[in-house]
Amino acid sequence: MPKTLLTIICEALAAEPLERLLAGVGAHGCTLFRVEGEGSRGLRTGGIQAFANIQVEVIAAPAVAGQLIERLQLKFFSKFAMVASETAIRVSRQETF
Amino acid sequence: MPKTLLTIICEALAAEPLERLLAGVGAHGCTLFRVEGEGSRGLRTGGIQAFANIQVEVIAAPAVAGQLIERLQLKFFSKFAMVASETAIRVSRQETF
Amino acid sequence: MPKTLLTIICEALAAEPLERLLAGVGAHGCTLFRVEGEGSRGLRTGGIQAFANIQVEVIAAPAVAGQLIERLQLKFFSKFAMVASETAIRVSRQETF
């Protein structure tokens, strides 16, 4: 069954509220990458936690991904440097999601 | 020509058998990310190798990706915390794959 | 509106010319991952900068992604170990791209 890969690139400061949001909608199995990035709010270096960027990837049912995007738009986009994108994927062992 | 991006998220312990599997089917050019993740078997921290997670990405012909998924299901899913997903991509310089 | 995720896997040596190329076409918001990889030119270890691999991800309008691929083929593929791929994605907060 098709799933959605929800990819969130944001400042590391957003990690904890983001994890709470994901847990709240029952999205399990997120993966966190520590990345370096240059976004529209300027270069963020990886050295200092407050200015580091992370990429969080979540595999979810398309409807859950849509709900998450809505919540991000309402609650996160005004507070954090953040971009979210959705990619259609096919998952093996999807019974765990 | 369309290719498949095969993305495997798993515990780092699976890295070596996974590399042998990839080499065995002639899948070249895998990329390994060290990640932090929370899956259905509980949080895995990046500190200790045995409990760390990796994400391995492999670009392959769709048929080869399908074979790899089958082998993962048969030989890896019962032994390792692991999720595999497929994404349709278009590759430049595909003569190297 | 659909966007393209342009994913470039290359040796770290290519990072600076790549960033100049991206800035030159107005592609903002790239994300850089330090990865380990094994490609068609042989294993690259993460220890030494000159031999490390990076993955650079750029969200762009499909036309811009196409231009970038062309420039990479003309100017980068002969000089650096590099593979580029395109994935169709949907972006939230796309006004920043």
Q. In the stretch A:62-97, how many are free of Cβ contacts under 8 Å to residues at least 60 places away in the same chain, in a loop (DSSP other than H, G, I, E, B) and either more than 10 Å from every other protein chain (Cβ to nearest Cβ) or of a type outside the set (Phe, Trp, Tyr) (or both)?
A. 2
Q: Kindly list the number of the only condition in (1) buried (at least 18 other Cβ atoms within 10 Å of the Cβ); (2) modelled with pLDDT under 90; (3) farther than 25 Å from B:SER85 by Cα that fails for A:ALA14.
A: (2)
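For the stretch B:63-77, give me each residue that is farther than 17 Å from B:THR87 by Cα and touching a strand residue (DSSP E or B) at 6+ places or on another chain (Cβ under 9 Å). Spell out the reasoning first.
Residues of the stretch B:63-77 that are farther than 17 Å from B:THR87 by Cα, as a first pass: B:71, B:73-77.
Hits for the stretch B:63-77 are B:GLN73, B:PHE76, B:PHE77.
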Q) Does at least one position in the stretch C:45-62 carry a residue that is among the charged types (D, E, K, R), modelled with pLDDT of 80 or more and surrounded by fewer than 19 Cβ atoms within 10 Å (Cβ to Cβ)? A) no
Q. If we keep just the residues of the stretch B:20-44 that are at pLDDT 90 or above and outside any strand (DSSP E or B), which is surrounded by the fewest Cβ atoms within 10 Å (Cβ to Cβ)?
A. B:ARG20
Q: Return yes when C:PHE97 is at pLDDT 95 or above and either of a type in the set (Phe, Trp, Tyr) or farther than 21 Å from A:ARG34 by Cα (or both) and no when it is not.
A: no
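The values are calculated or read from the model by the stated rules, or taken from the named source; none is laboratory data. The model shown is predicted, which means the values in this text are computed figures rather than measured ones. Cβ atoms come from the backbone with ideal geometry, glycine included; neighbour counts cover every protein chain shown.
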